[in-house]
Amino acid sequence: MTQFRQTRRTLLVNSAAAAGIVLASSASGLLVPAQAKGLAPTPTMRGGANNYRAGAPVVERIGGGGFMMTGTVRRAGDGAPLAGIRIQIWAHTTEGYERDERSHGATLTDANGEFRMDMPQIVPAFGQAHGHLAYDSEYDENGFETVFLRPIMGSSSDTSLRTHFVLKPV
């Protein structure tokens with residue numbers, strides 16, 4: 001039986017050969033770096049559209065506040081922040097259920113693509129404390145695909161939830 005003896009020289013030669021294969025594969029398009037295609041769009045989450053109310057008004061806050069929902073909105077591909085994007089937010093809170101009109105509101109992103117909404121404390125529904133957020137292209141003329149999110153909080157005692165949208169141009 002032949003034994004393979006690893007020496008410093010064979011390790012260097014084999015490493016150089018492997019690096020050459022990776023470079024050649026990359027040049028031929030077989031290996032595509034993650035950054036080459038830019039920022040991928042956010043997919044709609046299962047259950048994200050539950051209890052959605054089309055056209056919820058833009059408001060300063062929902063109910064009495066005390067819980068902060070924040071996030072960003074960026075364009076897929078180049079990751080540019082998107083200003084003036086309407087994000088609807090709703091949840092099961094200490095003041096109402098997801099289906100209640102008073103539990104829904106929308107906000108607009110600022111020049112940095114940031115949004116924020118003060119709302120009542122989110123409480124568990126069906127065993128999970130979670131929020132709902134939507135970018136609905138029907139209420140916007142910027143030409144992006146609709147996205148519904150349903151992020152789950154780390155703990156039902158959290159007093160904030162941050163989420164991000166990466167929107168795909170239509």
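Every number in this text was worked out from the coordinates using simple rules, so none of it is lab data. In this text the structure is predicted, and so the values were computed from the model without any measurement. Glycine also receives a Cβ, built like all others from the backbone with ideal geometry; neighbour counts cover every protein chain displayed.
Does Glu114 count as of a type in the set (Asp, Glu), touching a helix residue (DSSP H, G or I) at 6+ places or on another chain (Cβ under 8 Å) and either within 19 Å of Thr42 (Cβ to Cβ) or surrounded by 20 or more Cβ atoms within 10 Å (Cβ to Cβ) (or both)?
Working: of a type in the set (Asp, Glu): yes; touching a helix residue (DSSP H, G or I) at 6+ places or on another chain (Cβ under 8 Å): no; either within 19 Å of Thr42 (Cβ to Cβ) or surrounded by 20 or more Cβ atoms within 10 Å (Cβ to Cβ) (or both): yes.
For Glu114, the condition - of a type in the set (Asp, Glu), touching a helix residue (DSSP H, G or I) at 6+ places or on another chain (Cβ under 8 Å) and either within 19 Å of Thr42 (Cβ to Cβ) or surrounded by 20 or more Cβ atoms within 10 Å (Cβ to Cβ) (or both) - is not met.
Looking for whichever is touching a residue at least 40 places away in the same chain (Cβ under 8 Å), out of contact with any Ser or Thr (no Cβ under 7 Å at 6 or more places or on another chain) and closer than 15 Å to Thr42 by Cβ here; the options are Thr146, Thr72. Which one fits? It would help to see each step written out before you state the result.
On the way: Thr146 fails: out of contact with any Ser or Thr (no Cβ under 7 Å at 6 or more places or on another chain).
The unique qualifying residue is Thr72.
Scan region 42-72 residue by residue and report those that are of a type in the set (D, E, K, R), closer than 22 Å to Thr159 by Cα and in a loop (DSSP other than H, G, I, E, B).
Looking only at region 42-72, we keep the residues that are of a type in the set (D, E, K, R), and these are 46, 53, 60-61.
If we keep only those that are closer than 22 Å to Thr159 by Cα as well, we get 60-61.
Within region 42-72, just Glu60 meets the criteria.
Scanning region 49-68 for residues that are in contact (Cβ under 8 Å) with a residue 60 or more places away in the chain and not aromatic (Phe, Trp, Tyr), which turns out nearest to Thr93 (Cα to Cα)? Spell out how you get there, then give the answer.
To start, the set of residues in region 49-68 that are in contact (Cβ under 8 Å) with a residue 60 or more places away in the chain comprises 49-52, 54-55, 66-68.
Subset that is not aromatic (Phe, Trp, Tyr): 49-51, 54-55, 66, 68.
On the way: Ala49: 17, Asn50: 15, Asn51: 14, Ala54: 19, Gly55: 20, Gly66: 11, Met68: 12 Å.
Selected residue: Gly66.
Looking only at region 73-107, which residues are assigned to a strand (DSSP E or B) and either of a type in the set (Val, Ile, Thr) or surrounded by fewer than 17 Cβ atoms within 10 Å (Cβ to Cβ) (or both)?
Val73, Gly77, Pro81, Ile87, Ile89, Thr93, Thr107 - these are the residues of region 73-107 that are assigned to a strand (DSSP E or B) and either of a type in the set (Val, Ile, Thr) or surrounded by fewer than 17 Cβ atoms within 10 Å (Cβ to Cβ) (or both).
Could you give every pair whose Cβ atoms fall below 8 Å, whose first residue belongs to region 80-96 and is under 16 Å from Asn51 (Cβ atoms), and whose second residue is of a type in the set (Lys, Arg), counting only separations of at least 6 or pairs across chains?
Within 8 Å, the pairs are Gln88/Arg53; Trp90/Arg53; Glu95/Arg102; Gly96/Arg102.
Quick check, is Val166 of a type in the set (A, V, I, L, M), farther than 17 Å from Asn51 by Cβ and touching an Asp or Glu at 6+ places or on another chain (Cβ under 7 Å)? So that I can check it myself, show each step before the final result.
Details: of a type in the set (A, V, I, L, M): yes; farther than 17 Å from Asn51 by Cβ: yes; touching an Asp or Glu at 6+ places or on another chain (Cβ under 7 Å): no.
The answer is no for Val166.
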